[in-house]
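Trainee: For reference, the structure I am asking about is given below.
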């Protein structure tokens, strides 16, 4: 078990003039579960592979347990990794797959078997120990890959989208299992995913990356409640936060002809101080409600009924689309004109219209 | 007389009609015209080889009769006669040159292909092209300089000259062939092994080699066939001592042209090792040629 520090770590791929990972700084506590999340090409996998020693650290440094990792080969880093495609050894049985690292370390066969059997029991793999990976289902293979990692009791777990090859139901199930297992073992874990739901539900802290740059590194709640910029705001949460860039009026933001989103007084003051003509506002669908006193007149385009809740897709004026959550029993009809307002407990986030940085 | 030429291709062709057991589960239709065509073509290819083997066991009197004899008293006399005329040396030379050159090719070619496929660098494509380019110059164009070089280093009529040349001749083919097998291996496996604490050598031996062993078998067989069949280098650079089987056979045709049974016995002996090698490698070969099932 160990802390991990990314100190201005950068990686550039040969033949590319852009950094795949650009001066990444992260301090990961001992035993913490950290999720790296971002769209494809954000550098999240590269950042993980740098930690595992599979990509060079071209600039800056990475420390594991305070130890300098530059020039240390993968095999000496004491890291276990779970790959997206599991990378199980096809010619070895489940037991041999799980015990390979111990065998390489010279652990005697009897002890090896004991450890493998323990891990197999945790992961419900006992009856498959003598099978080859080809004879296993996707979920079982995933568990073998997990087993291979935990048998070693390494300093760090690296997981590179380990759930993306499972079907939706199994993914949700395995998600909680992995999180619970990690809590139990207390091994520092870095987990890469493009799925923000996984990031929110699994991580102690989540690092959001975009184009190789770290956007925000915070707890899931913090990311959700106080996104540092418009990108994080739009990326975290499903359905995504409503984000629109519109002109500022005397008491709020003009969304359409009969649609004004009112802002708090101190928010207005801040906007005036900055002297902006336009602002990007963000409001989460569950913080918008249909209410006759609302000042945002919109037309309903689509109602998505999920049973327990419904999402109403609407537009106000030209090009301004807003999604609001509502009770499915009282959801409006298509093409109906309704009024929206910010929920009394809701927050309207303000972002700079050009830089996207949080204003308030 | 021409029976000596299809020796290497005939076994493969002969096996194709008997291959259907794999498809046996498919419900048999009443009559499949393509199946019939396949059988006819297959038998057509196989018959000369079959006749050659049959003739090898005949007495010289029975070998060339106007009504061909199918029933006769089999004898090993002609094989003995061929041995008396010195086929032993030629066989040993061929076996030696083939085995040693194939071994060298695998020792050099497998690591090279491994590096070129799983650890590519900037000049990998150039290296691959270089390997291929050595095959572009016809051997005839190089034989005079080769003869001079071999003669100057004193290896004329020495089997080691052929070992070196066969190794050089098969190496590019082996590298290209092995590379295609290595490319099928997911790179993540090597990464996983490395994170598990394996050195490159250990990862290669324990994880990668077992996966590509069918490919190695297929490559080895190709090298064996090419080295065994090679005639031009052998006829140009050897005389008596280092004579190989193909050279011996050609000399035999000239000298014993009318003795059909003896000739067939010699040709059968020439074909046998390659057929055996193919038969031994059969299981691996099938897997080697349908490699995708690895993942």
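The values are calculated or read from the model by the stated rules, or taken from the named source; none is laboratory data. It should be emphasised that the depicted structure is a prediction, and the values quoted were computed from it without experimental measurement. FYI the Cβ positions are ideal-geometry reconstructions off the backbone, even for glycines, and counts take in every protein chain you see.
Trainee: Residue pairs, Cβ under 7 Å, 6 or more apart or interchain, first in region B:118-147 and more than 15 Å from residue B:178 (Cα to Cα), second modelled with pLDDT under 90. List them.
Mentor: From residues that are more than 15 Å from residue B:178 (Cα to Cα), there are no pairs.
Trainee: Looking for whichever is away from chain B (no Cβ under 14 Å) and more than 25 Å from residue A:230 (Cα to Cα) here; the options are A:207, A:180. Which one fits?
Mentor: A:180
Rundown of residues vs (1) modelled with pLDDT of 95 or more; (2) crowded, with 19+ Cβ neighbours inside 10 Å; (3) in a helix (DSSP H, G or I), yes/no style:
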residue	(1), (2), (3)
A:198	no, yes, yes
A:201	no, no, yes
A:209	yes, yes, no
A:217	yes, yes, no
A:227	yes, yes, no
A:232	yes, yes, yes
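Trainee: Which of the residues spanning region B:267-289 are touching a helix residue (DSSP H, G or I) at 6+ places or on another chain (Cβ under 6 Å) and at pLDDT below 75?
Mentor: Those that are touching a helix residue (DSSP H, G or I) at 6+ places or on another chain (Cβ under 6 Å) and at pLDDT below 75: B:284, B:285, B:287, B:288.
Trainee: Moving on to the next point. If I go through region A:105-114 residue by residue, how many of them are assigned to a helix (DSSP H, G or I) and away from chain B (no Cβ under 14 Å)?
Mentor: Summing the residues that are assigned to a helix (DSSP H, G or I) and away from chain B (no Cβ under 14 Å) in region A:105-114 gives 5.
Trainee: To continue, here is another question. Residues to consider are A:88, A:102, A:123; find the one that is within 17 Å of residue A:149 (Cβ to Cβ), surrounded by 13 or more Cβ atoms within 10 Å (Cβ to Cβ), away from chain B (no Cβ under 14 Å) and touching a helix residue (DSSP H, G or I) at 6+ places or on another chain (Cβ under 9 Å).
Mentor: Residue meeting the stated conditions: A:123.
Trainee: Can you go through A:71, A:60 and tell me which one is surrounded by fewer than 19 Cβ atoms within 10 Å (Cβ to Cβ) and free of Cβ contacts under 8 Å to residues at least 24 places away in the same chain?
Mentor: The conditions single out A:71.
Trainee: Continuing with the same structure: Can you tell me which residue in region A:36-85 is farthest from the other protein chains (Cβ to nearest Cβ), limited to those that are in a strand (DSSP E or B) and within 22 Å of residue A:166 (Cβ to Cβ)?
Mentor: A:37
Trainee: Let me ask another. Can you pull out every residue in region A:148-158 that is within 12 Å of chain B (Cβ to nearest Cβ) and either free of Cβ contacts under 8 Å to residues at least 60 places away in the same chain or part of a strand (DSSP E or B) (or both)?
Mentor: Hits for region A:148-158 are A:151, A:156, A:157, A:158.
Trainee: Among the residues of region A:167-196, how many are crowded, with 21+ Cβ neighbours inside 10 Å and in a helix (DSSP H, G or I)?
Mentor: Counting residues in region A:167-196 that are crowded, with 21+ Cβ neighbours inside 10 Å and in a helix (DSSP H, G or I) gives 3.
Trainee: State yes or no: is residue B:238 within 23 Å of residue B:79 (Cα to Cα) and surrounded by 19 or more Cβ atoms within 10 Å (Cβ to Cβ)?
Mentor: No: the conditions fail for residue B:238.
Trainee: Here's another thing I want to ask about it. Look at region B:148-199 and say how many of its residues are within 14 Å of another protein chain (Cβ to nearest Cβ) and assigned to a loop (DSSP other than H, G, I, E, B).
Mentor: 7
Trainee: Mind checking which residues of region A:301-314 are under 20 Å from residue A:260 (Cα atoms) and touching a residue at least 24 places away in the same chain (Cβ under 8 Å)?
Mentor: Correct list: A:301, A:312, A:314.
Trainee: Only one of A:250, A:164 is outside the structural domain of residue A:85 (by TED's automatic domain parsing) and assigned to a loop (DSSP other than H, G, I, E, B). Can you tell me which?
Mentor: Checking each option against the conditions leaves just A:250.
Trainee: Could you figure out which of (1) more than 22 Å from residue A:225 (Cβ to Cβ); (2) touching a helix residue (DSSP H, G or I) at 6+ places or on another chain (Cβ under 9 Å); (3) at pLDDT 90 or above isn't true of residue A:284?
Mentor: (1)
Trainee: Moving on. Only one of these is within 25 Å of the chain's Cα centre (by Cα) and surrounded by fewer than 17 Cβ atoms within 10 Å (Cβ to Cβ): A:38, A:65. Name it.
Mentor: Every option except A:65 fails the conditions.
Trainee: Please pick out the residue among B:61, B:70, B:49 that is in a helix (DSSP H, G or I) and at pLDDT below 85.
Mentor: Only one candidate qualifies: B:61.
Yes/no per residue for (1) out of contact with any strand residue (DSSP E or B) (no Cβ under 7 Å at 6 or more places or on another chain); (2) within 30 Å of residue A:83 (Cα to Cα); (3) in contact (Cβ under 8 Å) with a residue 24 or more places away in the chain:
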residue	(1), (2), (3)
B:214	yes, yes, yes
B:228	yes, no, yes
B:241	yes, no, yes
B:247	yes, no, yes
B:254	yes, no, no
